[in-house]
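Visitor: First the structure, then my questions, so here it is.
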Amino acid sequence: MHFDRRSLLGTAGVALAGAAVAGGKADAKLPKADVEPRGSIGRLERLPTLDLEASDEFLTSFRIWVNGRLSQSAAKSAEATLKAKGIDPKSDMPVEQALEVLKDDPIVAVRNHTWQNLQMLMWDNLRREFHGNYDAYMAEMEAADTAGPGKLELNPGMKVPAYTTHEIHMQPGGYVGDPFAGHIYHYGTNNFYNARNYQDGVQIGFANAVPLPADGKVRRILDLGCSCGQLTVALKQRFPDAEVWGIDVGGPMVRYAHMRAVDLGVDVNFRQALAEDTGFPDGHFDIVVSYILHHEVTADATRQIFREASRVLRAGGLYYPIDFYTGDRRIQKNAYGKLRDWVTHRWNHERWMLEYQSVDFPTEMQAAGFEVNPRGVPAYPGDKGNIVAVKKA
């Protein structure tokens with residue numbers, strides 16, 4: 001079934017994507033250097049060679065199996081191992097103990113090893129393509145840098161904090177150290193989403209779920225840690241009359257995000273900046289959002305981001321941080337869950353994930369000047385434990 005997904009997308013997926021894009025790709029003034037040898041399916045440019053696309057299809061299918069059947073088998077095997085050692089599988093325990101009791105479980109080991117090698121193969125395939133055709137892809141980005149709609153503000157001389165230089169997700173060069181970080185991240189995360197986000201549906205869903213300030217006024221929106229700009233673009237599509245900005249520490253990230261927005265004909269703006277030091281004036285925004293940002297920054301940076309979001313929001317404006325269990329449910333309790341989190345932290349280079357789990361979000365947000373989850377302001381309508389913070393007057 002998986003290999004038929006492009007035909008399943010078919011005209012319905014393309015039509016939906018076309019309807020969602022303000023202006024549409026056909027109306028955009030594309031730079032002459034546009035690299036698109038195999039066209040697009042909806043809003044996604046196809047990978048440039050059949051060989052690369054076939055490899056990506058295989059690795060994505062393999063990931064679906066690893067994340068599904070193999071991970072389910074590993075969880076069952078871990079439960080059996082714990083029971084055999086007289087341990088309640090649901091009991092809480094220190095991560096060190098969880099690692100010790102599960103270290104010799106063969107199915108758990110196969111799952112973790114297979115997942116890690118799959119990740120490395122996926123990144124290597126993408127990096128070889130973009131670096132192997134360096135001049136063409138760089139010329140395309142350079143041509144788009146000054147194109148519109150929307151604008152791009154780069155800061156090549158900015159001091160990049162050391163914590164941002166880690167190769168998160170094992171992505172070679174991370175978000176700041178590879179000139180094609182945006183390209184690699186975009187196609188790599190399509191693989192992460194198990195072939196379910198080729199039309200940015202995840203980000204569109206989150207953008208449509210963002211609650212409004214009590215007065216309903218939405219003139220300016222800021223997307224913190226925007227990466228390749230999918231949520232930023234989706235926010236502009238939902239709020240076409242608003243001024244929308246996406247910022248990211250990675251210059252290559254915002255360059256790609258801007259190029260893609262130009263290609264889609266969406267009038268959004270991108271700036272290379274830190275989420276904890278945005279450079280915008282006090283009280284400038286009505287809504288600030290972030291998507292899977294906080295688990296990739298230090299605990300101290302998270303607290304600084306709360307203060308910065310509060311500073312740039314007007315009274316009554318809201319901050320909507322979307323992340324993995326931003327609320328109380330973000331901390332795993334059982335042994336296998338703790339092992340999985342540790343493997344993600346250690347081997348998927350989620351360097352700050354365990355620090356993320358240590359932050360008391362409601363308390364820290366209140367200290368930054370927010371009212372957390374006020375009555376009448378809904379959080380995301382899914383079981384993610386997300387929260388909404390409203391700037392106090």
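Visitor: Mind listing whichever residues of the stretch 80-123 are under 22 Å from Q357 (Cβ atoms), under 29 Å from the mean Cα position of the chain (by Cα) and polar (S, T, N, Q)?
Guide: Answer for the stretch 80-123, where residues must be under 22 Å from Q357 (Cβ atoms), under 29 Å from the mean Cα position of the chain (by Cα) and polar (S, T, N, Q): N112, Q116, Q119.
Visitor: Now, a different point. Across the stretch 249-268, what is the total count of residues that are in a loop (DSSP other than H, G, I, E, B) and under 16 Å from the mean Cα position of the chain (by Cα)?
Guide: Residues that pass the stated criteria total 2.
Visitor: Given the condition open to solvent by 30 Å² or more (accessible area, probe 1.4 Å), touching a residue at least 24 places away in the same chain (Cβ under 8 Å) and in a loop (DSSP other than H, G, I, E, B), answer yes or no: does some residue in the stretch 47-64 qualify?
Guide: Yes - at least one qualifying residue is present in the stretch 47-64.
Visitor: For R271, state whether it is open to solvent by 10 Å² or more (accessible area, probe 1.4 Å) and more than 17 Å from T232 (Cβ to Cβ).
Guide: No: the conditions fail for R271.
Visitor: State yes or no: is L354 surrounded by fewer than 21 Cβ atoms within 10 Å (Cβ to Cβ) and on the phi < 0 side of the Ramachandran plot?
Guide: Yes; evaluated as a whole, the condition is true for this residue.
Visitor: Pairs, please: C-beta under 8 Å, at least 6 apart or cross-chain, first residue charged (D, E, K, R) and in the stretch 234-263, second open to solvent by 10 Å² or more (accessible area, probe 1.4 Å) and part of a helix (DSSP H, G or I)?
Guide: Pairs found: R238/N208; R255/D145; D263/K25.
Visitor: Another question, then. Which of the helices (runs of 4 or more DSSP H) found entirely inside the stretch 75-179 contain at least 2 residues meeting this: open to solvent by 70 Å² or more (accessible area, probe 1.4 Å), in contact with a helix residue (DSSP H, G or I) (Cβ under 9 Å, 6 or more places away or on another chain) and modelled with pLDDT of 95 or more?
Guide: Hits in the stretch 75-179: 106-132.
Visitor: Moving to a separate point now. Might you check whether a residue that is on the phi > 0 side of the Ramachandran plot and not aliphatic (A, V, I, L, M) occurs anywhere in the stretch 126-135?
Guide: No, because not a single residue in the stretch 126-135 is on the phi > 0 side of the Ramachandran plot and not aliphatic (A, V, I, L, M).
Visitor: Taking the stretch 325-351 as the search range and keeping residues that are at pLDDT below 90, open to solvent by 20 Å² or more (accessible area, probe 1.4 Å) and not in a helix (DSSP H, G or I), which one is farthest from D88 (Cα to Cα)?
Guide: Among residues in the stretch 325-351 that are at pLDDT below 90, open to solvent by 20 Å² or more (accessible area, probe 1.4 Å) and not in a helix (DSSP H, G or I), the one farthest from D88 (Cα to Cα) is Y325.
The values are calculated or read from the model by the stated rules, or taken from the named source; none is laboratory data. Here the structure is a predicted model, which is why all the values come from computation and not from measurement. Cβ: placed from backbone, ideal geometry, glycine included. Neighbour counts: every protein chain shown. In case anyone asks, the SASA skips ligands and DNA or RNA and just uses the protein heavy atoms, side chains included. Shrake-Rupley method; radii C 1.70, N 1.55, O 1.52, S 1.80 Å.
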